[in-house]
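Structure first, then comments.
The values are calculated or read from the model by the stated rules, or taken from the named source; none is laboratory data. Nothing here was measured: the structure is a model prediction, and the numbers come from that model. All Cβ positions, glycine included, derive from the backbone under ideal geometry; neighbour counts span all protein chains shown. All accessible areas refer to the heavy atoms of the entire protein, side chains included, with ligands and DNA or RNA removed. Shrake-Rupley method; radii C 1.70, N 1.55, O 1.52, S 1.80 Å.
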Amino acid sequence: MTIWYGGDYNPEQWPREVWDEDVTLMRRGGISLATVAVFSWARLEPRPGEYDFGWLDDVLDTLHAGGIRVDLATATASPPPWLAKLHPETLPVTEDGVRLAVGSRQQYCPSSPVYREYARRLVERLVERYAGHPALELWHVNNEYGCHVHHCYCDASAAAFRGWLEARYGSIEELNRAWGTAFWSQRYDSFDEVDPPRAAPTFRNPTQLLDFDRFSSDELLACYRAEVEVIRAASDVPITTNFMGFFKPADYWKWAKEVDVVSDDAYPDPADPLSTPYAAMLRDLMRSLGGGAPWILMEQAPSAVNWRERNAPKAPGQMRAWSYQAVARGADGILFFQWRQSAAGSEKFHSGMVPHGGTDTRVWREIEEMGGELAQLSRPEVGLAGSRVASNVAIALDWESWWALEQPASPTAVAYQEVLFAWHVALTSLGLAVDFVRADQDLSAYRVVVAPAHFVLTDAQSANLAAYAEAGGSLVVGFATGVVDADLHVHLGGYVGGERLRGTLGVRVEEFAPPAAPDLRATGGGEAPPVALAGDVFDGDAVGTVWAEVVHATDAEVLATFVDGALAGSPAVTRRTTGGDSGGSGWYVATLPEPGALTELVGRIATEAGVELPSGLPAVGGTVEVVQRGPVVIAINHGDEGAILELDGTDLLTGAEARGLWLGPQGVAVVSRA
Ligand code: GAL
Ligand code: ZN
């Protein structure tokens, strides 16, 4: 076991003599893993059916001679221009009917049988040639599936969508029922009449939209599976494909089951003060997708990116600080895009590990230092590589709710990710380690499970959440949960779907009353004004945002109420004790309390659930992140000022005995408590 260190290596951009220098430098920088051939299709197959592997043999052999392991990509992420000339139908089409052109990347329709066939042939040849290569450590299928093209509306996609719908519904009557086509004269007489939700006069059928989201995620996954099948037939080497954090178009719960190791690409914006807590959430997701197993940070920027409007470099030390954040939250690999900064092409102003300025640069010095440290920390006696993060608090995450809640024609606009983020921040700011879970998985390992805005709720999910609370867990259900079923049909008789779950919580939601302001410029919704809240669960004045609703506490204690207007006195936070002696509880929160208030509430919930809140750490709050992973505590100061930590143990980076630690800005301590 080791903590991998490296990055995307695209040597085809450089003359041969640079490759030797690359490997010399990689050794100096402590690089152990290079991702090769991500965008090499045009070079590997310059003309249809004509393959040129000589140069890639050379690359792999050169890396191998330098002791560098290879994460070999299947090169199918960007087809060569000839494919589009030969088969224009492989080019994707937008919902407005625009066919996308060659000249950038990823210009393929995921449903195109022609694309899939050419991709399969290429992968077959690659596997045949390199399955036995001694440098091979990992297969890297495609690259960032769906990054640019995640929904395709072409005729091939339409045909595939019809097939997918037929498999799901069996009959057109069943589709008509599920989609509610009795409204607005949408009845279909046969599957042949059904199309993808292309641009239309006004709101498209909600279930059609949701099914197209499901289908589009599945189609990309089918591309992945097709390649995996080819690889598996000839190689036992682990397989991954790089995820993109909270990437809406791909239901990673489904995907994660099919990778041998989860890997992720993350580009937090150094100019955004929320990037650090947001990145913490990304890392927690990646760990959770793999069921707690170590994952690989497959791509991050050494410094600036070049695809935002304004591109801030990482502050001195920030690359290191964020890398340790990933390690602390379960990563066993820190890799970058890309090794040598390009001199030409669309990403020449995106930072590289070896910058334009060469090795006499801050970026290179930081790269080298980090490589040295990770090699140190990879020693088996440290016990960090391969270790896990223990957590007894979880947030339920659901892609279908994300897709459905953010559709137009909803009760009010809600940014699903922001709701999750608010809960994650509240929990982590108490020093708690947080996992993400599915509402229908085994939840018994957790003391507290929060289900925020779980808009789509199936009977199985609803029953599982109820059973969790009844068995002694503390279940926290947030607003906009259980509003519709998997067909997007409303749960009638009061929201929070499932009679049993309603009973567990002891509430019934009668009406939504989201705070709203007049939209004077008619741009689609004004800022939501805050709503005042009152109750002992908050230390003082509290406000909610985003949402409010009319809740009846049928069998629950009301711990906070709304204060103003028609909702005055109406429940905002309720709790029902469940599970008899086992002390479970069912909380309901009908708004999104603002950060301070939400942290107070969460602190109360966690304490009542018997979750121990870490104390004494950190001495300076807010900007210092402290995470225990296996036998090691990693503390990172993301702030602008120094901080003192009450932490005893051996500092594994300096070898010093730590009794209270001083951490400067971007400072990191890795402390063994064994
Ligand atoms: C990722 C992609 C890389 C590179 C990187 C930096 O999305 O996988 O190939 O483009 O972004 O922009
Ligand atoms: Zn298509």
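Restricting to the stretch 110-133, name every residue that is open to solvent by 70 Å² or more (accessible area, probe 1.4 Å) and more than 15 Å from ligand 2 (Cβ to nearest atom).
120, 121, 124, 125, 128, 129, 132
Restricted to the stretch 1-109, the set of strands (runs of 3 or more DSSP E) holding at least 1 residues that are open to solvent by 30 Å² or more (accessible area, probe 1.4 Å) comprises 4-9, 69-73. Every condition in (1) modelled with pLDDT of 95 or more; (2) open to solvent by 10 Å² or more (accessible area, probe 1.4 Å) holds for residue 283 except the one numbered (2). For the stretch 274-286, check the following and say yes or no: at least one residue is over 24 Å from residue 348 (Cβ atoms) and not in a helix (DSSP H, G or I). Scanning the stretch 274-286, I find at least one residue that is over 24 Å from residue 348 (Cβ atoms) and not in a helix (DSSP H, G or I), so the answer is yes. Return the total of residues in the stretch 290-344 being over 18 Å from residue 275 (Cα atoms), open to solvent by 10 Å² or more (accessible area, probe 1.4 Å) and within 10 Å of ligand 1 (Cβ to nearest atom). Residues in the stretch 290-344 being over 18 Å from residue 275 (Cα atoms), open to solvent by 10 Å² or more (accessible area, probe 1.4 Å) and within 10 Å of ligand 1 (Cβ to nearest atom): 1 in total. Could you please find all residues in the stretch 554-588 being open to solvent by 40 Å² or more (accessible area, probe 1.4 Å) and basic (Lys, Arg)? Residue satisfying the conditions is 576 alone. For the stretch 147-172, the set of residues classified as in a loop (DSSP other than H, G, I, E, B), closer than 28 Å to residue 78 by Cβ and either more than 16 Å from ligand 1 (Cβ to nearest atom) or at pLDDT below 95 (or both) consists of 151, 152, 153, 154, listed by residue number.
Criterion applied to 297, 289 was being among the aliphatic types (A, V, I, L, M), more than 16 Å from ligand 2 (Cβ to nearest atom) and in contact with a Ser or Thr (Cβ under 9 Å, 6 or more places away or on another chain), and the one residue passing it is 297. Among the residues of the stretch 230-237, are any surrounded by 15 or more Cβ atoms within 10 Å (Cβ to Cβ), of a type outside the set (Phe, Trp, Tyr) and either without any contact (Cβ under 8 Å) to a residue 24 or more places away in the chain or in a helix (DSSP H, G or I) (or both)? So far as the stretch 230-237 goes, yes, one or more of its residues are surrounded by 15 or more Cβ atoms within 10 Å (Cβ to Cβ), of a type outside the set (Phe, Trp, Tyr) and either without any contact (Cβ under 8 Å) to a residue 24 or more places away in the chain or in a helix (DSSP H, G or I) (or both). Only residues that are of a type in the set (Gly, Ala, Ser) and within 15 Å of ligand 1 (Cβ to nearest atom) were counted across the stretch 229-279, and they come to 4. From (1) open to solvent by less than 40 Å² (accessible area, probe 1.4 Å); (2) under 30 Å from residue 302 (Cβ atoms); (3) part of a loop (DSSP other than H, G, I, E, B); (4) not hydroxyl-bearing (Ser, Thr, Tyr), pick out the condition that doesn't hold for residue 255. Among (1) open to solvent by less than 40 Å² (accessible area, probe 1.4 Å); (2) under 30 Å from residue 302 (Cβ atoms); (3) part of a loop (DSSP other than H, G, I, E, B); (4) not hydroxyl-bearing (Ser, Thr, Tyr), residue 255 violates only (3). Within the stretch 390-414, being open to solvent by less than 20 Å² (accessible area, probe 1.4 Å) and closer than 30 Å to residue 670 by Cβ holds for 393, 394, 395, 397. The residues in the stretch 439-474 that are open to solvent by 10 Å² or more (accessible area, probe 1.4 Å) and part of a loop (DSSP other than H, G, I, E, B) can be counted, and the count is 11.
To keep it simple, each residue is scored yes or no on (1) touching an Asp or Glu at 6+ places or on another chain (Cβ under 7 Å); (2) of a type in the set (Asp, Glu).
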| site | (1), (2) |
| --- | --- |
| 425 | no, no |
| 429 | no, no |
| 456 | yes, no |
| 471 | no, no |
| 487 | no, yes |
| 490 | no, no |
| 495 | no, no |
| 498 | yes, no |
